[in-house]
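The values are calculated or read from the model by the stated rules, or taken from the named source; none is laboratory data. Being a predicted model, the structure only gives us computed values, none of them experimental. Cβ placement follows ideal geometry from the backbone for every residue including glycine, while neighbour counts extend to all protein chains displayed.
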Amino acid sequence: MGNNRNLKGKKIAILATNGFEQSELVQPRDELIKQGAHVDILSIDDQATITAWDEDNWGDKVDVDAQVSSVASSDYDALILPGGQINPDVLRTNDSAVSFIKSAYTEQKIKAIGAICHGPWLLAEADLAEDKQLTSFPSIKTDLLNAGAHWKDEEVVQDGKLVTSRNPNDIPAFVEAIAKLVA
């Protein structure tokens, strides 16, 4: 992957539940850890582990570090929202998850909020899409346009602290853009 940044001392949250797209959680987590960051997996419903969706079937289990309702956005330097169809659809109906995303956006300490694939659904749910330049998986383009976003078909789109990407092929550029903001 691109430039290795020094993320020592930085804490990054990845918010997910069952049905997250495996590569969109595992690859950013592993790359950010390699760059020195501490990464916490946050979830909902008191789950100790969450199960990935891996392209067309259930994938690996990932350990959950904390419940999103038990942490503060000020504990972190960045927030990542992986996609998969199931994961953001479940999270957007969870008040604690949506509240955390809203507070992450207003939290000064948080330098980046990354959302990939179907993850930007959560930005729309948290009222963060209006007048923002965003991208996503093509199937939710209309949802983002309806939420007031300016949708672009690009590998990575950054608007302030929001970083969005379309699909797993965009992960290297996605992680690089987040690391640059956090470093």
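Is it the case that some residue within the stretch 23-33 is among the basic types (Lys, Arg), at pLDDT 95 or above and farther than 24 Å from residue 144 by Cβ? Steps first, answer last, please.
Within the stretch 23-33, the first condition is being among the basic types (Lys, Arg), and the residues that meet it are 29.
If we keep only those that are at pLDDT 95 or above too, we end up with 29.
Next, only the ones that are farther than 24 Å from residue 144 by Cβ stay: 29.
Yes: one or more hits.
Scan the stretch 105-124 and give yes if some residue there is modelled with pLDDT of 95 or more, polar (S, T, N, Q), more than 19 Å from residue 156 (Cβ to Cβ) and out of contact with any Cys (no Cβ under 7 Å at 6 or more places or on another chain), otherwise no.
As a first pass, look at the stretch 105-124 and keep what is modelled with pLDDT of 95 or more: 105-124.
Remaining after also requiring polar (S, T, N, Q): 106, 108.
Okay, now just the ones that are also more than 19 Å from residue 156 (Cβ to Cβ), so 106, 108.
Adding the requirement that they be out of contact with any Cys (no Cβ under 7 Å at 6 or more places or on another chain) leaves 106, 108.
The answer is yes; a qualifying residue exists.
Could you tell me how many of the residues in the stretch 56-76 are within 20 Å of residue 23 (Cα to Cα) and in contact (Cβ under 8 Å) with a residue 24 or more places away in the chain? Outline the logic, then answer.
Of all residues in the stretch 56-76, those within 20 Å of residue 23 (Cα to Cα) come to 56-65.
Then keep just the ones that are in contact (Cβ under 8 Å) with a residue 24 or more places away in the chain; that gives 59-60, 62, 65.
Qualifying residue count for the region: 4.
Yes or no, residue by residue, for (1) modelled with pLDDT of 95 or more; (2) within 25 Å of residue 5 (Cβ to Cβ); (3) not charged (D, E, K, R):
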{"residue": "129", "(1), (2), (3)": "yes, no, yes"}
{"residue": "138", "(1), (2), (3)": "yes, no, yes"}
{"residue": "142", "(1), (2), (3)": "yes, no, yes"}
{"residue": "156", "(1), (2), (3)": "yes, yes, yes"}
{"residue": "159", "(1), (2), (3)": "yes, yes, no"}
{"residue": "163", "(1), (2), (3)": "yes, yes, yes"}
{"residue": "170", "(1), (2), (3)": "yes, yes, no"}
{"residue": "176", "(1), (2), (3)": "yes, yes, no"}
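Every residue in the stretch 116-126 that is among the small types (Gly, Ala, Ser) and under 12 Å from the mean Cα position of the chain (by Cα), please. Explain how you work it out, then say what you get.
First, the residues of the stretch 116-126 that are among the small types (Gly, Ala, Ser): 119, 124, 126.
119, the sole residue that qualifies.
When residue 29 is evaluated against the numbered criteria (1) closer than 18 Å to residue 172 by Cβ; (2) touching a Ser or Thr at 6+ places or on another chain (Cβ under 9 Å), which criterion, by number, is the only one it fails?
With (1) closer than 18 Å to residue 172 by Cβ; (2) touching a Ser or Thr at 6+ places or on another chain (Cβ under 9 Å) applied to residue 29, the lone miss is (2).
If you scan the stretch 127-165, which residues turn out to be among the small types (Gly, Ala, Ser) and within 13 Å of the chain's Cα centre (by Cα)? Give the steps one after another, and end with the answer.
Taking the stretch 127-165 as the starting set, the residues that turn out to be among the small types (Gly, Ala, Ser) are 129, 136, 139, 147-149, 160, 165.
136, 165, listed by residue number.
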